[in-house]
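Asker: Please see the structure below; I have some questions.
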Amino acid sequence: MNLSITILVVDDFATMRRIVKGVLKKLGFRNIIEAENGKTALSKLKKEDVGLVISDWNMPEMTGLELLKAVKAEEKFKDLPFIMLTAEGQKDCVIEAVKAGVTNFIVKPFTPDTLKEKLNAVFS
Amino acid sequence: MEQMEQIGKHIESLALEVVDLTPENIQAMGKMLNILSSIENECPENASVEFKELAIAIRGYVEQLTLGEIKDIGILSQAVKSLQDIFRYMERGENAGYDQFREIIERLKKGSSAESEEAKEESKNKDSCLIEKASEPERSLSPEDIDLLQDFVSESLEALSTVEVNLVGLEQNPNDTEIINSIFRSFHTIKGVSGFLNLNKINKLAHHCENLLDRARSGELVIDENVTDFILDAVDVLEKMIESIQEGVKAGRVSEGDINVKPIIGRIESITQVTEQTGQKPLGEILVQEGVADQVDVDHALDEQEKGENKKLGRILVEKGAISAKNLADALHKQRKSGGKNIDLQVKVDTKKLDTLVDMIGELVITQSMLRQNKTIVSSADQKLFQTMSQLNQITSTLQKTAMSMRMVPIRATFQKMVRLVRDLAKNSGKRVRLEMSGGDTEIDRNVVDELYDPMVHMVRNSVDHGIESPEARQAAGKDPEGVVWLRAYHRSGNIVIEIEDDGRGLDSDRILEKAKEKGLIDQDTELSDSDIYNLIFQPGFSTAREVTDISGRGVGMDVVKKSIEKLRGRVDIESVAGKGTKFIIRLPLTLAIIDGMLVRVGKERYIIPTLSILESLRPDRTKYTSVHGRMEVIRVRDKLMPLVRFEEIFHVSCDSKDPWDGLVVAVEQDGRQFCLLVDEVLGKEEVVIKSLGSSLMDAKGFAGGAILGDGRVALILDMAELCQLSGAGLV
C-alpha cells in the first residue's frame, strides 16, 4: 500500500471524519484531506491529487451517490478508488452504489479492522 | 437480430468478469450487476422463461455476494455458462432441453438462501460478541480516544439541538422532507459514531429514532405532535447519556450513565406498530391491557392465526374460552376508539387569548344571570321567554365548561418528571423504590400545574427519603425490600385530588410530638389527636429526620408545601399508619379562575369568604363569649377559644348586629390559625369568577379580588391570610 497518497474523507459529521482520519493515520497514511459534502469534495478533487475517496452516503447538498456518479463521469477520475460508507439495512443503496462503480463499501457502524480490510481489498 | 447480438456481447463480458472474480472485488460485481440489468432490460420478448429467470437468479446471487451475505463464487461460472448455453439454443431457434437449467436456477435461489441463513447466524454471533464487549465495565482511554469522545459529545449535542429546532419547524410544515431528512441525518450520524465508539445505548436509541424518521421520510408515518413528543423525549435521553459521557471522560472513563433506554425505545416501537395497524392498537394488546386475557393466550392465538387458520384473533380466543364474547366486543370498541384518537386535530392558541375567552365567558354567565333576575323577566308570564332563557342558560354553562377545559392539561407530564426524581433519590439513599402512577390523564388548570411541581417534588422526596425504609429494614419488617411510591390523580366533587402515598414506615406521632415540644411549637401538656400531630410537620422549622441528606431533611419543605398548595387555594392532608405508610392528599380547585365561596352580608356590604377556609358558621350563645379587658374578644367554639374579628375594625364597615349572639359568626382557619368573623347574614354559597382588582387598588389589603354577582353588583373576595394579619388575630 502506498502510504503517501492523498485520501479525501467526505462526511457532514466532523466526528465521523475524525474517526476515519484517526484510523487512516494509525494505518500509516499521512496525507488526509476532508470535505463536508459532495460539492466541496468535487472542488477539492479538482485541486488536489487525490488517490482515494472515502465518502458518507447521506449528506446535505450533494449525497455520496451523486458524488460517486459525478466522479465516475469524469474521464480523469474514472479509476479513482472510491469507498462508500453506508448504514446497515440500506441494501438497496449498497447495490445502487456498486452499480455506479464504487470500489468498495463499508457498512456503519464499523471497526478500524473493517476499514483496514477494505483498504487492503481496494489496493490489492 | 441486433438485439440478440447485443445480448450476446453482454453475456460474453459477463463471462469475462466471472473468470477472475474474487469475493472482495466489489467493482467487478458492480460491472456484473450492470450487465445483468442490461440483459434483463434488453431481453427480447420471445426469449425463453428460463433465460430470464436465470438472469434474474444470477443477479440476485451477485447482489447477495456484494452484500457479503454469501461467499461461494464457484457456482457463478457454471451459472453464466448455462446462461450462454440457453442463449445459444435461443439463437439457433432450438427449443429443447431447457429443463436441465431448472436445476441451476434452483441452486442459485436455494443455495443463496441457505448460506444467508448461515451468514445471519454468524452476524448474530458477532452481535453477541459486541454485547459482551460492551459489558466490560470500563475501558482505559488513550488521549486520542478522549479527543474523539469530546468531539463526539460537543458535536452530538449540537446535532441534537438542531433536531429540536427542526422539530419545531416540522410541526409547522409536517411534509417538508428536507427537514425530516435533516433530523434523520442527525440521528443517523450519532448512531454511526456511537457505534464506532462502542456506545451501545446511545447507538440503540439513535438507531430507533433513525428508523422512525426513515418511516416518516418514506411517508409511512405522519409526524404529529405525539411523535414529536417521543422524539423530543428521545433527544432528552440522548442528551443525558452524552452528558454523562462528558463527565466520564473527565474522569478518564467511558460511561453512558445508567439510564434505561428500553422504555423509550419501547415507546418508539409502539408508535411504529400502532401506525402499521391503520392507527389502531392491536386487539391482543388491548385485551392484555384490560386484564381480560393473558399474554400467553394471546400469543398462542396469534401463533394459530399465523399457522394459516384464516380466523380473526378475537374469534380464536372466544372459541378457546380465553375470553367471553362480551369482553371481545368491549375490546373491539376500544380498538375503534383508539384508532380514532390519532386523527384528532389540534390547534395551538396563545394562552392570553384563552384567558380572555374564559374571562369573557365569565362575564357572559353573569350577564345571563342578571337577565334571569331582571324584574321584567321574572314577572313575565311568557312561557316562550322562559324556554328561551333556559336554553340560553344551558348554552352558556356548556360554553363555560368548554372554555375551562381548554385551559386544562393532563397532569401526566408532571407525574413523569417524578420518575427520574424517585430513581435518583432511591439511588442516593441506597433504597429500592418503585414509582406507580395512575390517573395521568386527569386534567388540571395549566396555571396550577406549574405551581404544583415544587410541592410535589417536596412530598415525593419526603416519601422516599423519610418514608421508605432501607431494603434491610423492610425485609426485617416482613415487607418487600422494594418500596413503592404511588402517585394518583382523580376528580372528586369539583376538586382535583392528588395523592402521594408510600408504603414506608409511616409517621411516628410520638417523635413528632416530642420534637414539636422541644422546638416550642406546642405546650408541654397539650393533648392532640393523631391528625393534629401529623399536621405539625407543616409547621415552619419542623423536621424529624435524624440525618440531614443532601436532598431533604433540612427542616424546610413541608411548610413550604402547605403554603404553595394554599396559594393555589387547595389543602393538603395527611393519613398515616405506623409501619404501613403515609399518604399525602392534595385537594385543589379545578381552576384558579373560579372560586367556591360563601356570600355573607355585613351591614350594607357583601363579602365572599372562600369555602376552603371555613370551618363552620354558628350563632354563639352569650355564655360562649368572653372579652379580655374589654378589648380582646374571644368566642369558645367546640372547646376552642377563637378571637373574634369585626369588620368594623378592619374595613370600617359596621355590622348591624353589635353582639355576636345577635348575628352570626363564621369560624375560619388560615395557616393553622383559627378565628371568627362577625357577620349579619349568610346569603348562600356561590361559585364566582375572580376578577383582579386592578393595579390602582393593589394596596387594598385583605382582598383576593372581586366578583360580579348575579344581580350585577360587586362583592369583594376576602383574603384570609391578609385578614388574619390585619386583625392581629394571628398573634393569639
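So that you can scan it fast, the table gives a plain yes or no per residue for (1) touching a Cys at 6+ places or on another chain (Cβ under 8 Å); (2) more than 10 Å from chain B (Cβ to nearest Cβ); (3) of a type in the set (Gly, Ala, Ser):
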| position | (1), (2), (3) |
| --- | --- |
| A:Lys25 | no, no, no |
| A:Gly28 | no, yes, yes |
| A:Lys46 | no, yes, no |
| A:Ile54 | no, yes, no |
| A:Glu74 | no, yes, no |
| A:Gln90 | no, no, no |
| A:Ala97 | no, no, yes |
| A:Asn104 | no, no, no |
| A:Thr111 | no, no, no |
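Asker: When the residues of the range B:380-394 are filtered to those that are over 17 Å from B:Gly710 (Cα atoms) and part of a helix (DSSP H, G or I), which remaining residue is nearest to the chain's Cα centre (by Cα)?
Answerer: By that ranking, first place goes to B:Gln391.
Listed here are the residues, each with its yes/no results for (1) part of a loop (DSSP other than H, G, I, E, B); (2) of a type in the set (Ser, Thr, Tyr); (3) farther than 25 Å from B:Ser186 by Cβ.
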position	(1), (2), (3)
A:Arg17	no, no, no
A:Gly22	no, no, no
A:Lys25	no, no, yes
A:Gly28	yes, no, yes
A:Lys39	no, no, no
A:Lys46	no, no, yes
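Asker: In the range B:493-516, which residue that is surrounded by fewer than 15 Cβ atoms within 10 Å (Cβ to Cβ) and without any contact (Cβ under 8 Å) to a residue 40 or more places away in the chain is farthest from B:Ser438 (Cα to Cα)? It would help to see each step written out before you state the result.
Answerer: Going residue by residue through the range B:493-516, those that are surrounded by fewer than 15 Cβ atoms within 10 Å (Cβ to Cβ) are B:493-494, B:510-511, B:514.
Of the ones still in play, those that are also without any contact (Cβ under 8 Å) to a residue 40 or more places away in the chain are B:493, B:510-511, B:514.
On the way: B:Ser493: 19, B:Asp510: 33, B:Arg511: 32, B:Glu514: 36 Å.
The residue in question is B:Glu514.
Asker: Go through (1) free of Cβ contacts under 8 Å to residues at least 60 places away in the same chain; (2) aliphatic (A, V, I, L, M); (3) surrounded by 15 or more Cβ atoms within 10 Å (Cβ to Cβ) for B:Leu487 and report which single condition fails.
Answerer: (1)
Asker: Restricting to the range B:436-471, give me the number of residues that are crowded, with 21+ Cβ neighbours inside 10 Å and in a strand (DSSP E or B).
Answerer: The qualifying residues number 2.
Asker: Could you check, for the range B:192-202, whether at least one of its residues is more than 30 Å from B:Val347 (Cα to Cα), aliphatic (A, V, I, L, M) and away from chain A (no Cβ under 14 Å)?
Answerer: First pass over the range B:192-202, keeping only residues more than 30 Å from B:Val347 (Cα to Cα): B:192-202.
From the residues that got through so far, the ones that are aliphatic (A, V, I, L, M) too are B:193, B:197, B:199, B:202.
Subset that is away from chain A (no Cβ under 14 Å): none.
No.
Asker: Would you check if there is a residue in the range B:73-81 being modelled with pLDDT under 85, within 14 Å of another protein chain (Cβ to nearest Cβ), assigned to a loop (DSSP other than H, G, I, E, B) and within 20 Å of A:Asn104 (Cβ to Cβ)?
Answerer: Among the residues of the range B:73-81, not one is modelled with pLDDT under 85, within 14 Å of another protein chain (Cβ to nearest Cβ), assigned to a loop (DSSP other than H, G, I, E, B) and within 20 Å of A:Asn104 (Cβ to Cβ), which makes the answer no.
Asker: Being touching a residue at least 24 places away in the same chain (Cβ under 8 Å) and hydroxyl-bearing (Ser, Thr, Tyr) is the filter here, so list the residues in the range B:159-200 that pass it.
Answerer: Correct list: B:Thr162, B:Thr177, B:Ser186, B:Thr189, B:Ser194.
Asker: Let me ask you something else. Select from the range A:64-80 the residues that are in contact with a helix residue (DSSP H, G or I) (Cβ under 9 Å, 6 or more places away or on another chain) and surrounded by fewer than 19 Cβ atoms within 10 Å (Cβ to Cβ) and write down the one among them that is farthest from A:Leu24 (Cα to Cα). If you could, list the steps in order and put the result at the bottom.
Answerer: Keep residues of the range A:64-80 that are in contact with a helix residue (DSSP H, G or I) (Cβ under 9 Å, 6 or more places away or on another chain), which gives A:64-68, A:70-71, A:74, A:76-78, A:80.
Now restrict to residues that are surrounded by fewer than 19 Cβ atoms within 10 Å (Cβ to Cβ): A:66, A:70, A:74, A:76-78, A:80.
On the way: A:Glu66: 24, A:Ala70: 25, A:Glu74: 26, A:Lys76: 25, A:Phe77: 22, A:Lys78: 23, A:Leu80: 18 Å.
Per the stated criteria, the residue is A:Glu74.
Asker: Which of the following residues is crowded, with 18+ Cβ neighbours inside 10 Å, free of Cβ contacts under 8 Å to residues at least 60 places away in the same chain and closer than 28 Å to B:Gly362 by Cα: B:Leu599, B:Leu612, B:Leu644?
Answerer: On the way: B:Leu599 fails: free of Cβ contacts under 8 Å to residues at least 60 places away in the same chain; B:Leu644 fails: closer than 28 Å to B:Gly362 by Cα.
Exactly one residue qualifies, and that residue is B:Leu612.
Asker: Which one is surrounded by the most Cβ atoms within 10 Å (Cβ to Cβ) among residues in the range B:1-48 that are more than 9 Å from every other protein chain (Cβ to nearest Cβ), over 15 Å from B:Lys81 (Cα atoms) and among the acidic types (Asp, Glu)?
Answerer: B:Glu40
Asker: Scan the range B:262-279 and report the pairs whose first residue is at positive phi and whose second residue is at pLDDT below 80 and surrounded by 14 or more Cβ atoms within 10 Å (Cβ to Cβ), with Cβ atoms within less than 9 Å and a gap of 6+ or a chain change.
Answerer: These pairs meet every condition: B:Thr278/B:Gly339; B:Gly279/B:Ser338; B:Gly279/B:Gly339; B:Gly279/B:Asn342.
Asker: Could you grab me the full set of residues in the range B:41-86 that are small (Gly, Ala, Ser) and without any contact (Cβ under 8 Å) to a residue 12 or more places away in the chain?
Answerer: The one that is small (Gly, Ala, Ser) and without any contact (Cβ under 8 Å) to a residue 12 or more places away in the chain: B:Gly74.
The values are calculated or read from the model by the stated rules, or taken from the named source; none is laboratory data. All values reported here derive from a predicted model rather than from experimental measurement. Note: ideal-geometry Cβ built from the backbone for every residue, glycine included; neighbour counts use all protein chains shown.
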